[in-house]
Every structure is written in C-alpha cells, then in structure tokens.
1. For region 176-201, enumerate the residues that are of a type in the set (Val, Ile, Thr) and outside any loop (DSSP other than H, G, I, E, B).
2. If I ask for residues that are surrounded by fewer than 18 Cβ atoms within 10 Å (Cβ to Cβ) and touching a strand residue (DSSP E or B) at 6+ places or on another chain (Cβ under 6 Å), which ones from region 261-274 would you list?
3. Using the structure shown, decide if GLU105 is loosely packed, with under 13 Cβ neighbours inside 10 Å and at pLDDT 95 or above.
4. Working only within region 150-175, note down all residues that are surrounded by fewer than 16 Cβ atoms within 10 Å (Cβ to Cβ), among the hydrophobic types (A, V, I, L, M, F, W, C) and either without any contact (Cβ under 8 Å) to a residue 60 or more places away in the chain or not in a strand (DSSP E or B) (or both).
5. Can you confirm whether region 74-84 contains a residue that is free of Cβ contacts under 8 Å to residues at least 60 places away in the same chain and either under 23 Å from THR178 (Cβ atoms) or assigned by TED's automatic domain parsing to the domain that holds ALA188 (or both)?
6. Assuming PRO243 fulfils every condition listed in (1) out of contact with any strand residue (DSSP E or B) (no Cβ under 6 Å at 6 or more places or on another chain); (2) farther than 28 Å from GLN38 by Cβ; (3) at pLDDT 90 or above apart from one, which condition is it?
7. Quick one: in region 176-225, of everything that is surrounded by fewer than 16 Cβ atoms within 10 Å (Cβ to Cβ), more than 22 Å from ALA43 (Cα to Cα) and free of Cβ contacts under 8 Å to residues at least 60 places away in the same chain, which residue is nearest to the chain's Cα centre (by Cα)?
8. Would you please name the residue that is surrounded by the most Cβ atoms within 10 Å (Cβ to Cβ), looking only at residues in region 23-41 that are closer than 19 Å to ILE315 by Cα and not aliphatic (A, V, I, L, M)?
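The values are calculated or read from the model by the stated rules, or taken from the named source; none is laboratory data. As the structure is a computational prediction, the values presented were derived from the model and not from experiment. Note that each Cβ is placed from the backbone with ideal geometry, even for glycine, and that neighbours are counted across all protein chains shown.
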Amino acid sequence: MGRRKKGLPVSGWVCLDKPYDLGSTQAVGRVRRLFDAQKAGHAGTLDPLATGILPIALGEATKTVPFLMDAAKGYSFTIAWGSSTTTQDREGAVIAQSDARPAPEAIAEALKRFVGEIQQVPPAYSAIKIDGERAYDLARQGETVELEPRTVRIHDARLAATPDRDHACIEIDCGKGTYVRAVARDLAAMLGVEGHVAELRRTRVGRFGEMQAISMEKLEELIHKGASSEALLPVETALDDIPALAVTTEDAFRLKQGRPIVLLPRQVETLRPALAARSGAQEGDRTVLAMHDGQAAALCEMRAGKLNPTRVFHIDAGD
C-alpha cells in the first residue's frame, strides 16, 4: 500500500505579488504551508530584490508548470545612473562610477536596438550552471565567470519615465531567458555611462498579471477566514493558449485511465485551425486540453482522429 501524501489535495494557481527580499523558493514554501497543500511549484524564478508576479502552482496545477515556463513576461524596472555594480543591481559592490548621464532621447533611441532576437550574455551573478555549480556561487567565491551569449527575444522595450537625471524607468516585454540586469548593463554600455538596476518588478507571466495578483498579507487573511478558494485560479489558467475541447463523462473517464478517445470529424475540423493558430507553439505541436464539466480532464495529443492523453488531471470537485 502506497504511503499517504502529507497535506491536502489542493489544486490550482496562486498569482502571488511577491514582496521584496523574499526568494522564490521561500515564497512557494510559505504558500504551500498556508494551503497545507501536498505539492507546490513555481513558474519562473524571481530574485529576492524583485517584486511582482510569481505564479505558484498547487497540486495538479504543477503538471502545467512547463507550459508557463515558455510564456512571455513583462518587467518594469528603474536604472540608477552613475555607478555599475558586480551584480548589476543595487545589492552589489560598486565597480565603476561616472558623472555622465544619458539624455531621455538617447535612452529611448538606444532601446530600439534591443527589440527582436538579440544575443545576450547572462550576468555572472545568475543561476546558470557551470560544470555543475551555479554561476553566482562561483562569482561570490571570487572566480572569474565567463558565460556564453544566448539568443533571447524582446518584443518591446520602452522608456516609461525619467523622474530625474539620475534615474530612468523602463518597461520591456520579453521571452524566456531574458535577464533584465543584462539589459541594464548593455544599455548603459551602449550609452557610454555607468548604471545598475535600482528597482525591478515583474508585471506579467503569460496570462498571469497584476489584475489577478494577490499579496502575501491578503492571502494570509483569506486563509485565516477560511476563504482560500477565493485566491485560487483554475489549473487550466496556465494553458490559455492551448485549444480546448469539451468531452463527455465517459470520454473523460477513459482519458483519466490513460486511454485514447476517438474524435468526431467535426471535432477534428474545429481543432485543426485552432492548433495552427496557436502562437509560440513548436511546429507540429498538436496539444489539446480536454475539459469536462468546466474542469481540466487531460492534456492530449491529437493524432489520426484521436486524442491520446499525455498528462491527466485528478481534480476533486471541491478543489
């Protein structure tokens, strides 16, 4: 007989507005304990320095985390001109200083060169592994860290405000793997000045945005009131760009047993254009979300007129 899992079978997403000076792993642990959930995970690390959107998956929602890792993200950050640091943010030691300050027009013009697919060297203080060790651990030990440039995509980069000559507020929309601190570093170099990230906020991860975000304090308040369900978003929230198909009770049962179901010709014809139109999907991706009674039943692959389950969801009616 299998060992009973500790905690409750809670399933869903929490769109946490992560506070400053709290690590992503710490945040996940606190949310998991608040819900007494059996399983928890997050979609995309957020530095302790940063605030903003940290989607946290509970229970069956953890099966959808990979689909959110590739989602587009939005950031709002402030660059402080005048000094560069070891970490490219305000927590690092100052390594260079300058009295030069860029004009707002020059900042806006330079940002245009960051839009599109660009080559970006990740910061030395990053979680990338080098021979099995994290780059930031090596950097903290005083070792010289050399990382290879990576291709990242920035959809938009714009100057939002210049509150004074020492600061610039910038907003970017980008794909996975983009480092905001590297953007600040490279922008300063392009402008011939010194600068570092003074403030950083993530404003969006896929469908998760500030409108759905909940603070840790508000979450704790709801839990203590016994209203935890008010803070939970459905498991399928992370799958908003995947074509969905409503299935019968019998078909949902078959899928949850790991067995394929046969589609009607009209269902196939409905799904084909939806699959072709899916943005960001790899060529040939035929992923379909089977829904039953308003809940996610299974993620499937459509092949030869059938839906073959690849991930099944076991969600209680009360989740």
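1. Of region 176-201, the ones of a type in the set (Val, Ile, Thr) are 178, 180, 183, 193, 197.
Across region 176-201, the qualifying residues are VAL180, VAL183, VAL197.
2. VAL262
3. On the way: loosely packed, with under 13 Cβ neighbours inside 10 Å: yes; at pLDDT 95 or above: yes.
Considered against the rule, which asks whether it is loosely packed, with under 13 Cβ neighbours inside 10 Å and at pLDDT 95 or above, GLU105 comes out as yes.
4. Within region 150-175, ALA161 is the sole residue that qualifies.
5. Of region 74-84, the ones free of Cβ contacts under 8 Å to residues at least 60 places away in the same chain are none.
No, there is no match, as no residue in region 74-84 is free of Cβ contacts under 8 Å to residues at least 60 places away in the same chain and either under 23 Å from THR178 (Cβ atoms) or assigned by TED's automatic domain parsing to the domain that holds ALA188 (or both).
6. Going through (1) out of contact with any strand residue (DSSP E or B) (no Cβ under 6 Å at 6 or more places or on another chain); (2) farther than 28 Å from GLN38 by Cβ; (3) at pLDDT 90 or above one by one, PRO243 breaks only (1).
7. Among them, the one singled out is GLU221.
8. PHE35
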